[in-house]
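So the structure is just underneath, and the comments pick up after that.
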Amino acid sequence: MKLFRITTKRGLGTVVTAMILLTAVAMMGIFVVDWSRTNLAVHQEKLESTFASNLNKLNERVIFEYIWFDANTSPPNNIVNITMNNVGTVGLNVTKVELVDPTLGTILATNSLTNGGMIPSSTLSLNVTYTWTTNTAYDVIATTNRDSLFKTQVVSP
Amino acid sequence: MRRGLSTVVGAVFFVVAISSVAAYVSISMNSLDDLAQSIIVNDAQSIDRLKEDIEITTVTLTDTNKFNMTVFNKGPISTKLTRLWVTDQSSNPITHQKEDLSVLINPGEQKQNIATNLSITANPTDSYTLKVVTERGNTASFVLYTDISTQIDLIVPAQVLPKAKIYVIEIITNNSTTLSTIANITGIMKNDATLTPTETPTPTYKLGLNNNELAIFSWTFVAPSSDGLIKFNASYVGAPSGAYVEKIVDVSSVENAQSATSSEWSEKARRVGILISGLPNPVEGDPGGGSGHGKYGIGIINPLDRPVEVYALALSSPLGEIFKNTNPVGEEPIYGWSTLDLDLGEFSVLLWESSNDCNPTPCTGTPRLVPGESIVEWKVELPNDEGDSILEAPIFVESLTSEGKLLAIYTLTSDEKYPTMNIFYTDDISDPLNNWTYKHDDIPSGQRTQYNVTVQNSSDNRDLTAEVALTIFIPKDFSNIQADDGQTGWDDVVIVKNPDNSHFIKVDTTATSFAKSTYKNFSFNATAPVVTEKSLYVFATTTFYPKWSIASQDSGPEIASAISEAGVIVVPPGPPPPPPPPPPDITHGPFTFDADNDADESAWTFVSDFGTNGLLPSGSTRSWSHDTNETPSTGVGPQSGQGGNPDGYVYTEASSPAALSDTFHMTFDTTLNASTETWQIEFYTNQRGNDNHVVAQVQINENGGGWVNVGSSFGGEGGEVATGGNDVWTKRTVDLSNSGANTDSSTQVRILLTFPSSVTNVWHNDYGIDTVTITGVTI
C-alpha cells in the first residue's frame, strides 16, 4: 500500500508538467508558424507586385512616329505636334511629354496628360505649346505612369 | 508515449515550416522565371526591330493622282507596314495626313502599288514627303519632288533650210543625289518665232522620273520660209526658276547647210568618247526588200593611259522602229548583240552587252577592254529595209564604261525612201567593203601617210542621180595635206587651211550618178604631227548628196549623208635599237650547239659504242642521227627541234639493229679550263615513246684521267611523252664543278646516253638532244 501511494503522486506531477510544457511549446510553435506564414505571404505579395510591375515596365515601348513643328499658329511657331505609337506588348499610360533643351537639359515645355492611355499598337497625338525657333534641336521625352522614359531628338525646320 | 507525441508535434511544425518556405521559394523562382522569359522575349523583339530594314524605292502618281509606292524589304525578317504619313511640303501651311496600312512584305520582297487605294491624293505640282511606319516601330521616308536637281539637254539642228522640218528633242535627267522621284514630268518647248508643233509632242508626259532616269520629249516644227535665227527654250512643268536650256537654230537658205559636220573631235582627243562611223542617213534604201546593208560603226576612243572597260553599247531611236526585228550581219565582236523592242511605241534598240558575249561559252560577262591610248571598234551591218516611212529621227549611241556613261547623238535628217549612203575608211582599196574601218593604228610620228576614204551607195535598188560630195576635217596638228595623185572619178578638190591650222578637204564625184551597190575610193596624204607620246586624233569625214528633191516634199531639198569619225593614233619614235650582243669570248664560252649548222656539229664528236660513229642523216640506225622534223619511227622520238618546227636536233636512232644497253655519247672537242673558271652545261632532252627509257648523264674527263659522272642523270623512268603524243623538250642544267674535282686546266665534257637493259620495244628509244650551251664563269 505504501509503495502504491508514493508511485501515484510522482506520475501525476510529471504528466501535468509534461502537459504544461507541451501546451507551451505548441502555443509558441503555432505562433511562430503563423507569424512566419503571414510574413511570407506579405513578402510573396510584394514580390509578385514588384515583378509584375517590372515586367510590365520592361514590355513598355513607345516610338515617336511623327513630329512636326506647326509654324502657322498665333503667335507663330507655337506648337509642336507629337504622335506616339505604342509598339510594346502592354498597355501604358503617358503621364507627361516634355520638350527639353538637349544642351542644357532644361525643361522648355511640359504637357501633363490625364488621358494618356495607349493600348498596344495604338497611337496618341498631342500638342506641346512652345515657341520654337527654327533650325534648333529639341529633345522630346515621354514619361509613363510606370516611370518609363522614352526620348527622341528632332530639329525644327 | 510522451516521447512519441512530442515528436509528432515537432514533425507537424517542421512540415508546416518547410512547406511555407518551399512555397515562398517556388513563387520566387516562378517570378524570376517569368522575368527571365520576359527579358528574353523583349531581347528577341529588340533584335527583330534592329533586323528590320525597309526602303521606299520609288513613288509615282497614278492617273488619279494617288500615290503609288514601292517598298523593298531589305531585312532578313518579314515586316508589316501599319501607317503612312504624307506631308505636302508645297502647301501653305504645310499639311500632314496619315492613313493606316496593313501591308505585309516578306524578306527580299518588293511590294508595289502601295497606297494606290488610299483616300490621300496628291497635287502633281507639289512636293511631298512620305513616311511609312512598321509594326515594330521602324520608319522609312521618301521625298517626291517637283523641283529637284535636274539636267536639261536640248538637241536642235544647228542649221536648217527654210520650210524644212525642225526636229527638237528635250532630254530631262533626274540627277539628284538623294533618293527621289519627279512626279508626272511634262516637257515644255517654247520658241521666239511663234512656231507651233506640227504634231503632238511625243510623249506628252512621263509618269515618275526616278534617280538617273531620262525623260525624252520630241517636237516637230516647220522652219519659216525666210532666213533667220530661232531660239528654242526647253523646260518642264513645275521646274524651278532658271531650270531651262536655250539653243538657236539658224534657218539659212545655203544649199549645203546640213553638210557641215558637227564632230567635236577637231583637236587632239583628251577624253574617252564615242566615235560614230558609217551611220547612214537615211536608213531605208531598199524599202520592201532588197539585200543592201548599211554599215554602223561605233568606236570607243581612249586617250587615257589606263584601260577602259566597256560593259554595254547601244544604238537606239525613239522613232521609226529602225532597230526593231532587224537582222544584223558582219558583227564585230561576233557575240553579244541583240535587238530590243521595249514596247515603248516606236522606240527600238540594237544592243551589245558584255554579259551576252558568250564566246567562249559559258557567258562570263567579261567587259570588252579598250587599252590605254587606243581605239576599239564595234561594227555591224543592218539591212536597209526597216520598212517604216518615218526616217527622220535621232539615233542615240550610248555606252556604259568604267569611265562612266557615254552618249553621242546622230540625227537622221532625211525622210522618205532614198538611196542609202555609207562612208568609212579602208587599208585595202581593192576590197574596201570587206575591210572597212574607222581607225588608223600606229601612224609614225612626223611621217607622211596615205589615208583612203570609201563612199558607198549601199542600196541595191536605187541610184544616186547627181554628184556626191565628200568633206574631211583634219585636225590642226597635221600638215602637208594633199589629194593622192592620179586618182580618177573625183573633181573640184579644194583643200582649205583654216585660221587654227586645221584643214578642210572638199571634193565632188566627177560622174553625175552614183549607181546602186557601188563605191568610190578617195585617197589623200597627210603628215602626222611630231609627238613625244601616243596621241589620238579624229578625222571627221562626211559625205552628202545635196541635190535631191522630190515633188511630194514641200520643204525643199533633202540631203542624204553619212558620217565617219575616223580615229588616228600617232605614235612617237620607238626606242633606239639595242646594241648588238658582244662577240662570244671563246675562252669563257658560251659554246653553243643548236644542230642547225655544220660548224656546231663539227665541234662535237658523236660516238655509238655498238653501232656507227659520227652524226648521220635521219634514219641511220644504231647511230647519232640529225633531223629537223619527226623521226622515221612512228610516234616516237622528237617531232622537231627545240626551237620550233622545223628545227635541227640530234637523236639516237633506235631502230633495229639497235639493242638493249647500247650506249651513245657526244663529246665537246674543245677542252675547258676549269682551273680559272667554273663551267655549266645546259641542254634540252626529248624522250617520247612508251618504252623510251634512255638515261642521260653528263660526264667530264680531267686531263685524261677518265670519264666521271657530274650531277644527276636524267630519264630512265619511262617516256616523258607517251607514244604518239606531242613531243616536249625539257631543259637540263648541270654545274660541272659539282664533282668537286673539276679544277683541271684541260677538262673535257660529254653527254652519255645509255639504252635500257630490258624493254619490249627497243625502237622506242629515239632520244633527242638540242640547244646545248656550255658557259664559263671566272673564278
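The values are calculated or read from the model by the stated rules, or taken from the named source; none is laboratory data. Since the structure is predicted, the reported quantities are computational estimates derived from the model, not experimental observations. Here Cβ is always computed from backbone atoms with ideal geometry, including for glycine, and neighbour counts include all displayed protein chains.
All but one of (1) more than 22 Å from B:THR730 (Cβ to Cβ); (2) touching a helix residue (DSSP H, G or I) at 6+ places or on another chain (Cβ under 9 Å); (3) modelled with pLDDT of 90 or more; (4) crowded, with 18+ Cβ neighbours inside 10 Å hold for B:SER623; state the number of the condition that does not hold.
(2)
Quick check on the stretch B:436-445. Is at least one of its residues over 30 Å from B:GLU533 (Cβ atoms), hydrophobic (A, V, I, L, M, F, W, C) and either at pLDDT below 90 or in contact with a Gly (Cβ under 9 Å, 6 or more places away or on another chain) (or both)? Give the derivation first.
Filtering the stretch B:436-445 down to residues over 30 Å from B:GLU533 (Cβ atoms) leaves none.
No: zero hits.
Please determine, by comparing only the residues of the stretch B:111-144 that are assigned to a strand (DSSP E or B) and hydrophobic (A, V, I, L, M, F, W, C), which one is nearest to the other protein chains (Cβ to nearest Cβ).
If we take residues in the stretch B:111-144 being assigned to a strand (DSSP E or B) and hydrophobic (A, V, I, L, M, F, W, C), then B:VAL133 is nearest to the other protein chains (Cβ to nearest Cβ).
Pull up the stretch B:745-770, narrow it to residues that are over 55 Å from the mean Cα position of the chain (by Cα) and in a loop (DSSP other than H, G, I, E, B), then point me to the one that is surrounded by the most Cβ atoms within 10 Å (Cβ to Cβ).
B:PHE755
So, A:THR110, is that one within 15 Å of A:PHE150 (Cα to Cα) and free of Cβ contacts under 8 Å to residues at least 24 places away in the same chain or not?
yes
Which ranges mark the strands (runs of 3 or more DSSP E) fully within the stretch B:434-497 that have 3 or more residues being of a type in the set (S, T, N, Q)?
Of the strands (runs of 3 or more DSSP E) lying wholly inside the stretch B:434-497, those with at least 3 residues that are of a type in the set (S, T, N, Q) span B:448-457, B:479-483.
Can you pull out every residue in the stretch A:71-85 that is facing chain B (nearest Cβ under 9 Å) and either touching a residue at least 12 places away in the same chain (Cβ under 8 Å) or within 18 Å of the chain's Cα centre (by Cα) (or both)?
Passing the criteria: A:ALA71, A:ASN81, A:THR83, A:ASN85.
Can you tell me which residues in the stretch B:40-76 are of a type in the set (A, V, I, L, M) and surrounded by 13 or more Cβ atoms within 10 Å (Cβ to Cβ)? Don't jump to the end; show me each part of the working.
Within the stretch B:40-76, the subset of a type in the set (A, V, I, L, M) is B:40-41, B:44, B:47, B:50, B:54, B:56, B:59, B:61, B:69, B:71.
Scanning the stretch B:40-76 gives B:VAL41, B:ILE54, B:ILE56, B:VAL59, B:LEU61, B:MET69, B:VAL71.
Being more than 21 Å from B:ASN65 (Cα to Cα) and not aliphatic (A, V, I, L, M) is the filter here; which residues of the stretch B:103-129 pass it? Working first, answer last.
Just the residues of the stretch B:103-129 that are more than 21 Å from B:ASN65 (Cα to Cα), to begin with: B:104-110.
Scanning the stretch B:103-129 gives B:ASN106, B:PRO107, B:GLY108, B:GLU109, B:GLN110.
Could you grab me the full set of residues in the stretch B:93-110 that are within 14 Å of chain A (Cβ to nearest Cβ) and in a strand (DSSP E or B)?
Within the stretch B:93-110, B:THR95, B:HIS96, B:GLN97, B:LYS98, B:GLU99, B:ASP100, B:LEU101, B:SER102 meet the criteria.
Farther than 23 Å from A:GLU65 by Cα, among the acidic types (Asp, Glu) and loosely packed, with under 14 Cβ neighbours inside 10 Å, is that true of B:ASP100?
Values: farther than 23 Å from A:GLU65 by Cα: no; among the acidic types (Asp, Glu): yes; loosely packed, with under 14 Cβ neighbours inside 10 Å: yes.
No; evaluated as a whole, the condition is false for this residue.
Looking at (1) surrounded by 14 or more Cβ atoms within 10 Å (Cβ to Cβ); (2) part of a loop (DSSP other than H, G, I, E, B); (3) of a type in the set (Val, Ile, Thr), find the lone condition where B:THR198 falls short.
Failing condition for B:THR198: (1).
Say we look at the stretch A:89-141 and pick out the residues that are part of a loop (DSSP other than H, G, I, E, B) and closer than 13 Å to A:VAL62 by Cα; which of these is farthest from the other protein chains (Cβ to nearest Cβ)?
First pass over the stretch A:89-141, keeping only residues part of a loop (DSSP other than H, G, I, E, B): A:89-91, A:101-106, A:113-116, A:119-122, A:130-136.
Now drop any that are not closer than 13 Å to A:VAL62 by Cα, which leaves A:89-91, A:116, A:119-122.
Numbers: A:THR89: 8, A:VAL90: 10, A:GLY91: 16, A:GLY116: 18, A:ILE119: 14, A:PRO120: 10, A:SER121: 7, A:SER122: 11 Å.
It comes out as A:GLY116.
What do you reckon, is A:GLU48 out of contact with any His (no Cβ under 9 Å at 6 or more places or on another chain) and surrounded by 16 or more Cβ atoms within 10 Å (Cβ to Cβ)?
no
Could you list all residues from the stretch B:322-361 that are at pLDDT below 70, of a type outside the set (Asp, Glu) and within 23 Å of B:SER402 (Cβ to Cβ)?
Of everything in the stretch B:322-361, those that are at pLDDT below 70, of a type outside the set (Asp, Glu) and within 23 Å of B:SER402 (Cβ to Cβ) turn out to be B:CYS358, B:ASN359, B:PRO360.
Tally the residues that are of a type in the set (Ser, Thr, Tyr) and more than 26 Å from B:LYS206 (Cβ to Cβ), restricting the search to the stretch B:89-118. Working first, answer last.
So the first thing to find is which residues in the stretch B:89-118 are of a type in the set (Ser, Thr, Tyr), and the list is B:90-91, B:95, B:102, B:116.
Next cut, more than 26 Å from B:LYS206 (Cβ to Cβ) only: B:95, B:102.
Number of matching residues: 2.
Kindly evaluate B:ARG732 against the criterion of being crowded, with 22+ Cβ neighbours inside 10 Å and either within 56 Å of the chain's Cα centre (by Cα) or at negative phi (or both).
Working: crowded, with 22+ Cβ neighbours inside 10 Å: no; either within 56 Å of the chain's Cα centre (by Cα) or at negative phi (or both): yes.
Spelling it out, it is not the case that B:ARG732 is crowded, with 22+ Cβ neighbours inside 10 Å and either within 56 Å of the chain's Cα centre (by Cα) or at negative phi (or both).
Tell me the strands (runs of 3 or more DSSP E) entirely within the stretch B:640-717 that contain at least 1 residues that are crowded, with 21+ Cβ neighbours inside 10 Å and at pLDDT 90 or above.
Here the list reads B:649-653, B:663-668, B:677-687, B:695-702.
What's the number of the condition A:ASN93 fails, among (1) touching a residue at least 40 places away in the same chain (Cβ under 8 Å); (2) closer than 19 Å to B:LYS98 by Cα?
Failed condition: (2).
Just to be sure I understand, how many residues within the stretch B:117-164 are within 30 Å of B:SER317 (Cα to Cα), out of contact with any Ser or Thr (no Cβ under 6 Å at 6 or more places or on another chain) and either surrounded by fewer than 20 Cβ atoms within 10 Å (Cβ to Cβ) or among the aliphatic types (A, V, I, L, M) (or both)?
Final tally of qualifying residues: 10.
I need the full set of residues from the stretch B:499-524 which are closer than 25 Å to B:ILE274 by Cα and exposed (fewer than 15 other Cβ atoms within 10 Å of the Cβ), in order please.
Residues satisfying the conditions are B:ASP500, B:ASN501.
For A:ALA52, which of the numbered conditions (1) of a type in the set (Gly, Ala, Ser); (2) more than 30 Å from B:SER28 (Cα to Cα); (3) assigned to a helix (DSSP H, G or I) fails to hold?
Checking A:ALA52 against (1) of a type in the set (Gly, Ala, Ser); (2) more than 30 Å from B:SER28 (Cα to Cα); (3) assigned to a helix (DSSP H, G or I), the one that fails is (2).
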